[in-house]
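**Q** One structure, as structure tokens, below. Some questions next.
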Amino acid sequence: MIFFRVTSLLFILCLLISFPAGAEDISVDSSSDIQSLIDEAVANQDVLVFEPGTYEVNIELTKNLDLRGRDTTNTFLVSANGSEPAISINDVNNISIRNFTFSDNDVGIRIFDSVAGVDITNNVFDNNVTAIEAGNFSNIDIENNTFFNNDLGIDDSNSGAEIRIYQNIFFNNSVTFSNSANFSITYNCFNVVLEDITGVNNNIDAEVSFVDQEDGDFHLTEDSECREKGETEDDLGAYGGVNADLIPNAVVISGTEKIGTDSVAVSWNENLDYRVEGYKVYYSISELKGLHSFSDRENISFVDAEDNLEVVVTGLDVSATSPEKPALLSVTPRDKKLLVRWTQSEDATSYTLYYQGQGDSEKNETLGAVDSYTILDLSNDITYDVWLVAHFQKQYHFQVAAYLESSTESDFRESSFVLNDTTVDIGEKADSVISNKISARPEKIVAYPDLPNEGCFIATAAFGYYSAHEVQILRDFRDQTLLTTEFGASFVHWYYEHGPKAANVINKYEFLKSIVRVALYPLIISVALINISFTLFILTLLALIAGSVMAFLSIANRNKVAL
Amino acid sequence: MIFRSTVFLCMSLVFSGQLLAEKKSPTWMFEFHAGLFEPELSDWDQHYGNEKFPELGFSYAYRFLSVIDVGASIGYGKDRGTGQLLSNSAVAGSVEYQIIPIEIFALLRGRVYENQWIVPYIGGGYTRFVYRQEIVGQSKAQGSVNGSHVRMGLQFLLDALDQTAAQGMYRRWGVLNSYLYFDYKQTTAEVNDIALGGNSYKVGVMFEF
């Protein structure tokens, strides 16, 4: 008996081992070498599942595989080499491509010599030159796709392709089909009347009504006339039919408000996808990002807001414990400022940096979770005491997800999260013990060697000080214009040679300063104009010349009349 | 191996004369160089962490009487270091120091016959020493001062090493001779009693047209 059982078990084990492995989902993300994965995948068996993201690719499908996007709205295929298609299929049968958005390509998909079984389902073709290019005896099934704003929807200009076009939406394409002689076109929705197509074979011209076509959300709204117009009352377009993904577009939080001590009101923008039944507000003290699956979310707290667009999340844990005492590491003097560094306390979410000069009142700066800060606008004559207090306050992260009528693990129907979650600081701040104090006096730094600065000597002498605005304009002109040309640079060198002599004379005689200032102003105004724009300077100069000529002619005419 | 290489080198040098003899005498020189500038200031390394900093440049010259080159050159060098506090000279802050020596020079070349493999030279001239110094986050100082320089070095004729390449250079670019040279230069310039000059140790290539 035992022998029989053992033999049976071994026999079953051998059977299991001898059968080939079942179809495998191969996950693809933005770091994957997609062409290598395709080359290594097992034909007729493996499925490449693309995680949400933008993929710059020129995929050549060399074997029978299924390519699927995890989330149609957020899985983009864009050609890496503009003139090449994002996907090329040549002489390969039984291919399935679904749940992608093909955007801004010269050609989205090119299919040649694939004699049977190419299924292109539930994709969005948005703003391509040619969405699908086919020919030479291809046999293609184009089902439940949305074609939006393409120059050409489906191209069979090479003739011969037998194409079944079924339950798609065509909206705002310059040319919908080229050479549709071999097309079987049924149950499609168009936003224009097409002769011999709309009005027959259950093809309609209708009000499509996408959620937000400008922002790439091609889900259908309540008002869409393409809803339930399929053969078995399926929706038309990329989000209808049996293979549609059941993921609404992401929801954006529009506002948060603290209420009382432990509650936050969260509001968001409505998702106009007509299938959306309600919303869940997820919250956590950890970041909420990139969560796409049921298992990702099952341990995160949430409030079911049903079909409301605002909900108050109550009973948040706002308890706070004091962070450990921060240690001030150094206070480094600089000219009229102090550079402060400290060790970050564990759990500190913010700091208050205090400083007080001798005989001065205490001042402070509120800072985030950083470990250094520069205190500015200090006096070089005063010694400052610097110290620090760390704070801890609970911070909650919020995300809102729209859901369809069911969201169990086996049938997960919730939107993905937006890239950046919304954070709210809430509850009392718990303070640490005051850090150690360090005293320091801001101080000027001198370079080695301590070299003199040669400014604009004459202007500095005339305007009295180096940092005068007028002198700065001349310095900018020197640096930005003169020194960029050979002649200008040589002038600057000549000026540095002789300028100081003239400056000495101006410095000696006070009356000369006024004369030089007046004489310099036209130059300074011209230079200021050149610093802004050379064209502006030329225009101003031309206007002045024209004005002068007109004034001269006017005076001359007047004199002539007088004579 | 060494013997074969030596023979090849010697043969190349000997036969190169025949090739080069057909060319006209050069009148213009263009050279570019890179090397190290060693400031004269004694405490340089204490503030900048090294005694020398990189410098590069180029020059253009005209040849008189086959042995005198008169030309101009411009260079650029940059170093980063620290400043010091005004009160107690403690190290503080970071400083960026840049120099642009602009020179007019005359060189006497010890070339006694055409296609001489090694040519010594010596010369000097006027230097306009432009400086720019920035104490990061605080202030900038810039200016220029007159100075002088003397230089000397050795030029090694490269054409003999690869005649095909030399012919190509002549046909394509009009380059009559190419030299590799090693140069030592001493610059003198002062501002407010601060010595800005120093010693330069450079290697460069020179093309004669």
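The values are calculated or read from the model by the stated rules, or taken from the named source; none is laboratory data. Please read these numbers as outputs of a predicted model, since none were measured by experiment. All Cβ positions, glycine included, derive from the backbone under ideal geometry; neighbour counts span all protein chains shown.
**Q** Within segment A:129-149, work out how many residues are assigned to a loop (DSSP other than H, G, I, E, B), crowded, with 22+ Cβ neighbours inside 10 Å and either among the hydrophobic types (A, V, I, L, M, F, W, C) or at pLDDT 95 or above (or both).
**A** The number of residues fulfilling the criteria is 2.
**Q** Could you list all residues from segment B:106-116 that are outside any strand (DSSP E or B) and at pLDDT 90 or above? Outline the logic, then answer.
**A** Step one: of segment B:106-116, the residues outside any strand (DSSP E or B) are B:110-116.
B:G110, the sole residue that qualifies.
**Q** Which of the residues belonging to segment A:531-556 are farther than 29 Å from A:L474 by Cα, at pLDDT 70 or above and either of a type outside the set (V, I, T) or touching a strand residue (DSSP E or B) at 6+ places or on another chain (Cβ under 7 Å) (or both)?
**A** Passing the criteria: A:M550, A:A551, A:F552, A:L553, A:S554.
**Q** Oh, and also: Suppose we filter segment A:188-232 for residues that are at positive phi and β-branched (V, I, T); how many remain?
**A** Initial filter on segment A:188-232 (at positive phi): A:196, A:199, A:201-202, A:209, A:216, A:228.
Imposing the further condition that a residue be β-branched (V, I, T) reduces the set to none.
Counting residues in segment A:188-232 that are at positive phi and β-branched (V, I, T) gives 0.
**Q** Answer with yes or no whether A:Y521 is more than 27 Å from A:L541 (Cα to Cα) and aromatic (F, W, Y). Spell out how you get there, then give the answer.
**A** Working: more than 27 Å from A:L541 (Cα to Cα): no; aromatic (F, W, Y): yes.
Taking the combined requirement at face value, the residue does not satisfy it.
**Q** Quick one: count up the residues across segment A:405-428 that are of a type in the set (K, R) and more than 29 Å from the chain's Cα centre (by Cα). Spell out how you get there, then give the answer.
**A** Here is the first cut: in segment A:405-428, the residues of a type in the set (K, R) are A:413.
Those still in the list that are more than 29 Å from the chain's Cα centre (by Cα) too: none.
So the count comes out to 0.
**Q** Let me ask something else about it. Restricted to segment B:1-48, and to residues that are among the aromatic types (F, W, Y) and under 24 Å from B:Y60 (Cα atoms), which residue is modelled with the highest pLDDT?
**A** B:F37
**Q** Moving on. Within segment A:416-435, can one find any residue that is farther than 21 Å from A:E287 by Cα, surrounded by 18 or more Cβ atoms within 10 Å (Cβ to Cβ), modelled with pLDDT of 85 or more and touching a helix residue (DSSP H, G or I) at 6+ places or on another chain (Cβ under 6 Å)?
**A** For segment A:416-435, residues farther than 21 Å from A:E287 by Cα, surrounded by 18 or more Cβ atoms within 10 Å (Cβ to Cβ), modelled with pLDDT of 85 or more and touching a helix residue (DSSP H, G or I) at 6+ places or on another chain (Cβ under 6 Å): absent.
**Q** Taking the stated definitions as given, is B:E103 assigned to a strand (DSSP E or B) and acidic (D, E)?
**A** Details: assigned to a strand (DSSP E or B): yes; acidic (D, E): yes.
Judged against the criteria, B:E103 is a match.
**Q** Related question: Kindly state which strands (runs of 3 or more DSSP E) lie completely within segment A:244-329 and contain at least 1 residues that are within 30 Å of A:W387 (Cα to Cα).
**A** none
**Q** Here is a further query. Taking the condition crowded, with 16+ Cβ neighbours inside 10 Å and outside any strand (DSSP E or B), does A:D381 pass?
**A** no
**Q** B:E55 - would you say it is more than 14 Å from chain A (Cβ to nearest Cβ), buried (at least 19 other Cβ atoms within 10 Å of the Cβ) and closer than 23 Å to B:S94 by Cβ?
**A** Answer is yes for this residue.
**Q** For segment B:93-112, enumerate the residues that are surrounded by 15 or more Cβ atoms within 10 Å (Cβ to Cβ), more than 20 Å from the chain's Cα centre (by Cα) and not charged (D, E, K, R).
**A** Across segment B:93-112, the qualifying residues are B:G93, B:S94, B:V95.
**Q** Please go through segment A:184-203 and pick out each residue that is aliphatic (A, V, I, L, M) and surrounded by 16 or more Cβ atoms within 10 Å (Cβ to Cβ).
**A** A:I185, A:L194, A:I197
**Q** A:I87: among the hydrophobic types (A, V, I, L, M, F, W, C), surrounded by 23 or more Cβ atoms within 10 Å (Cβ to Cβ) and more than 23 Å from the chain's Cα centre (by Cα), yes or no?
**A** So A:I87 fits the description; yes.
**Q** Can you tell which of B:I122, B:I102 is modelled with pLDDT of 85 or more, over 19 Å from A:N453 (Cβ atoms) and away from chain A (no Cβ under 12 Å)?
**A** Step by step, each of B:I122, B:I102 is checked, and only B:I122 is modelled with pLDDT of 85 or more, over 19 Å from A:N453 (Cβ atoms) and away from chain A (no Cβ under 12 Å).
**Q** Name every residue in segment B:80-99 that is within 10 Å of chain A (Cβ to nearest Cβ), within 23 Å of B:G57 (Cβ to Cβ) and β-branched (V, I, T), in order of residue number.
**A** Matches in segment B:80-99: B:V95 only.
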